[in-house]
Amino acid sequence: MRITGTGHASMRIDTSAGSILCDPWVNPAYFASWFPFPDNSELDWKALGDVDYLYVSHLHRDHFDAKNLRENISKKATVLLPEYPTSQLEDELRELGFTKFFKTKSNEVHELDGGLKVMIQALISPTDGPIGDSSLWIEHDGVRVLNQNDARPTDLGIFAELGHVHAHMLQFSGAIWYPMVYELPESAKTAFGKQKRDRQFDRTWRYIDDLKADHVFPIAGPPCFLDDELWQFNDIFGDEGNIFPDQSVFLSEYAKVGGTNGIVLLPGSVTELSEGEATTTHPTPIDEFFANKKAYLEEMRQRKAPIIEAEKASWRHPEIDVLGELKKRIEPLLEESIYLAKGVGGPVRFDLTDSFGTSGEVIESIVVDFPGKQVRPYADEKVRYRFKTGRALIEHLIHIDEGDWVNSLFLSCRFSAARIGQYNEFVYAFFKCLSEERLQYAEGWYDEHEKAVEAEDTQFGDWTVQRRCPHLKADLSRFGIVDGNTLTCQLHGWKFDLPSGRCLTSVGHKIRAEKNA
């Protein structure tokens, strides 16, 4: 089996029974804030895209690159489609010209032509990617690979049961806006960032230990940030709170926990994988490349500046009545929402500036009033959740009828946020469900989730606790750690107070716990 690195979470896997191209991301994503690192735009994407199969793990724009898919990927390829609750991924791929789809069943092994076997595990919580994330398992001629990308399964056991895995590809770096965009003192941002960075690595080590593959490939991050306003998010300043460590940092941290089987793929790196060994060749020496990272990014920053400016020129639509259009789009969803509206529980304020982010003057403030089921001008009331961003970005979201603000505005990091109290997942869940199909799915999922009774228990010293985390049902017998009266689920870092059952991380999600007599 040959694995060719093509950047970020993308790779091409070649076997004698066929080739699979995974998540081919090249063009800037999220309002031109994220770029693939290292740069992969010089690869021969026409040749790379001439494949038998295409796998797009989910709709996040650093995995689903519509421009590259349309222009460079062969429409003769058969799409290996995860089993998602909505048809949006298939619909968007069909719009790009793909016509051949192999619709997989989640957690079911499928044998393709030539003895090539695949299994896709689909995750379908409203908080999994843009309603859906997935991992791809491949087997051919005795060699097995798991491309976990940035999915977070609660258990890798189903993959291990299929036989020993020889190569495990998984995320290790950040792919979120927290804590950088929050209006906090720099010291607090650093402390929270360090906590998140440590949790990211802890989760990665846990996954690696669960699967025990021969070789581990750190993928799906980090992106790089080339706009002047976002440049500080690159991990080149010695900031221990930066959540975007690169592959060389992964190797260093992995070595501290005894890891010796890590393999980095640069764009153009090739690994020849067999049951017995993996041999990798690189277009440039790994150590040399990362030693010159800052200069590399500076050069890339200059080269990509015209692309960023061209993108910015397309965002402004001053003819749009933002308040009126948001009322038209969001108020009907508020009327239909029960669980998400109750979960948010208050008004959310958007301060809109005359810039492309947070640096300009606020020219309009709008409130999405969840209890009142309306969108209206801000009336100087106290709010628990506030966002500040460029009016042009909201104009553009309205112009393109974007139904997922997480997969556009929030991941762009072109905003600031403030809140009173705990993180509230329902705020972000609602703004990724700005269509009736998505909203109805999310409401149904939360309804089913709330009514589910967790009968199985696990033990932590003197405590009997429900085995599944109330957040996303991770197995707490494996991911749970108790310190005093606080239980932490290491899969996502959520904390619970055992005596009261209260979630310390977010609103809702009470845990069932009882102290043994």
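Has region 180-198 got at least one residue that is of a type in the set (Lys, Arg), under 18 Å from the mean Cα position of the chain (by Cα) and closer than 23 Å to Arg419 by Cα?
Yes - at least one qualifying residue is present in region 180-198.
Can you tell me how many residues within region 335-356 are more than 17 Å from Tyr182 (Cβ to Cβ), assigned to a strand (DSSP E or B) and among the hydrophobic types (A, V, I, L, M, F, W, C)?
1
Restricting to strands (runs of 3 or more DSSP E) lying wholly in region 388-499: which have 1 or more residues that are under 19 Å from the mean Cα position of the chain (by Cα)?
It comes to 415-419, 486-489, 494-497.
With the structure loaded, tell me whether Gly174 is of a type in the set (Gly, Ala, Ser) and open to solvent by less than 10 Å² (accessible area, probe 1.4 Å) or whether it fails that test.
yes
So Thr204 fits all but one of (1) part of a loop (DSSP other than H, G, I, E, B); (2) surrounded by 19 or more Cβ atoms within 10 Å (Cβ to Cβ); (3) β-branched (Val, Ile, Thr); what number is the exception?
(1)
Which members of region 99-140 meet the condition of being acidic (Asp, Glu), within 19 Å of Leu21 (Cα to Cα) and either touching a Gly at 6+ places or on another chain (Cβ under 9 Å) or exposed (fewer than 15 other Cβ atoms within 10 Å of the Cβ) (or both)?
Residues satisfying the conditions are Glu111, Asp113, Glu139.
So, in region 459-513, of the ones that are touching a His at 6+ places or on another chain (Cβ under 9 Å) and of a type in the set (Gly, Ala, Ser), which residue ends up farthest from Leu156 (Cα to Cα)?
Among those that are touching a His at 6+ places or on another chain (Cβ under 9 Å) and of a type in the set (Gly, Ala, Ser), it is Ser506.
I'm checking my understanding of the structure. Among residues of region 35-85 that are among the hydroxyl-bearing types (Ser, Thr, Tyr) and either at pLDDT below 95 or open to solvent by 10 Å² or more (accessible area, probe 1.4 Å) (or both), which one is farthest from Phe289 (Cα to Cα)?
Tyr84
Kindly evaluate Asp380 against the criterion of being surrounded by 15 or more Cβ atoms within 10 Å (Cβ to Cβ) and of a type in the set (Asp, Glu).
Spelling it out, it is not the case that Asp380 is surrounded by 15 or more Cβ atoms within 10 Å (Cβ to Cβ) and of a type in the set (Asp, Glu).
Can you tell me how many residues within region 250-277 are touching a strand residue (DSSP E or B) at 6+ places or on another chain (Cβ under 9 Å), part of a helix (DSSP H, G or I) and touching a residue at least 12 places away in the same chain (Cβ under 8 Å)?
Count: 3.
Give the number of residues within region 1-20 that are in contact with a helix residue (DSSP H, G or I) (Cβ under 7 Å, 6 or more places away or on another chain), open to solvent by 10 Å² or more (accessible area, probe 1.4 Å) and not small (Gly, Ala, Ser).
So the count comes out to 1.
From the residues in region 404-457 that are small (Gly, Ala, Ser) and over 21 Å from Arg502 (Cα atoms), which one is modelled with the lowest pLDDT?
Gly444
Report whether or not Glu229 is farther than 22 Å from Asp128 by Cα, surrounded by fewer than 23 Cβ atoms within 10 Å (Cβ to Cβ) and either of a type in the set (A, V, I, L, M) or touching a residue at least 60 places away in the same chain (Cβ under 8 Å) (or both).
In short, yes.
Looking at region 380-402, I want the residues that are of a type in the set (Val, Ile, Thr) and have a partner that is assigned to a loop (DSSP other than H, G, I, E, B) with Cβ atoms under 8 Å, at least 6 apart or on another chain. Which pairs are those?
Val383/Gly346; Thr389/Gly357; Thr389/Thr358; Thr389/Arg414; Ile398/His317; Ile398/Ile320
I'm checking my understanding of the structure. Among residues of region 280-302 that are under 17 Å from Leu226 (Cβ atoms) and in contact (Cβ under 8 Å) with a residue 40 or more places away in the chain, which one is surrounded by the most Cβ atoms within 10 Å (Cβ to Cβ)?
If we take residues in region 280-302 being under 17 Å from Leu226 (Cβ atoms) and in contact (Cβ under 8 Å) with a residue 40 or more places away in the chain, then Leu297 is surrounded by the most Cβ atoms within 10 Å (Cβ to Cβ).
Examine region 332-352 for a residue that is free of Cβ contacts under 8 Å to residues at least 60 places away in the same chain, open to solvent by 20 Å² or more (accessible area, probe 1.4 Å), out of contact with any Phe, Trp or Tyr (no Cβ under 8 Å at 6 or more places or on another chain) and of a type in the set (A, V, I, L, M), and state whether such a residue exists.
Within region 332-352 (the criterion being free of Cβ contacts under 8 Å to residues at least 60 places away in the same chain, open to solvent by 20 Å² or more (accessible area, probe 1.4 Å), out of contact with any Phe, Trp or Tyr (no Cβ under 8 Å at 6 or more places or on another chain) and of a type in the set (A, V, I, L, M)), the answer is no, since none of the residues qualifies.
Here's the yes/no breakdown for (1) surrounded by 14 or more Cβ atoms within 10 Å (Cβ to Cβ); (2) free of Cβ contacts under 8 Å to residues at least 12 places away in the same chain; (3) in contact with a strand residue (DSSP E or B) (Cβ under 9 Å, 6 or more places away or on another chain):
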site	(1), (2), (3)
Tyr428	yes, no, no
Phe431	yes, no, yes
Asp457	yes, yes, yes
Cys469	yes, no, yes
Asp475	yes, no, yes
Gly484	no, yes, no
Asp497	yes, no, yes
Thr505	yes, no, yes
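Between Ser359, Ser365, which is modelled with pLDDT under 95 and either assigned to a loop (DSSP other than H, G, I, E, B) or open to solvent by 10 Å² or more (accessible area, probe 1.4 Å) (or both)?
Ser359
What pairs can you find where one residue is in region 304-329 and touching a residue at least 40 places away in the same chain (Cβ under 8 Å) and under 11 Å from Leu397 (Cα atoms), the other is open to solvent by 40 Å² or more (accessible area, probe 1.4 Å) and not basic (Lys, Arg), and their Cβ atoms are less than 6 Å apart, with a gap of 6+ or different chains?
So the pair list comes out as His317/His399.
The values are calculated or read from the model by the stated rules, or taken from the named source; none is laboratory data. This structure is a prediction, so every number in the text was calculated from the model and none was measured. All Cβ positions, glycine included, derive from the backbone under ideal geometry; neighbour counts span all protein chains shown. Surface accessibility is based on the protein's heavy atoms, side chains included, excluding ligands, DNA and RNA. Shrake-Rupley method; radii C 1.70, N 1.55, O 1.52, S 1.80 Å.
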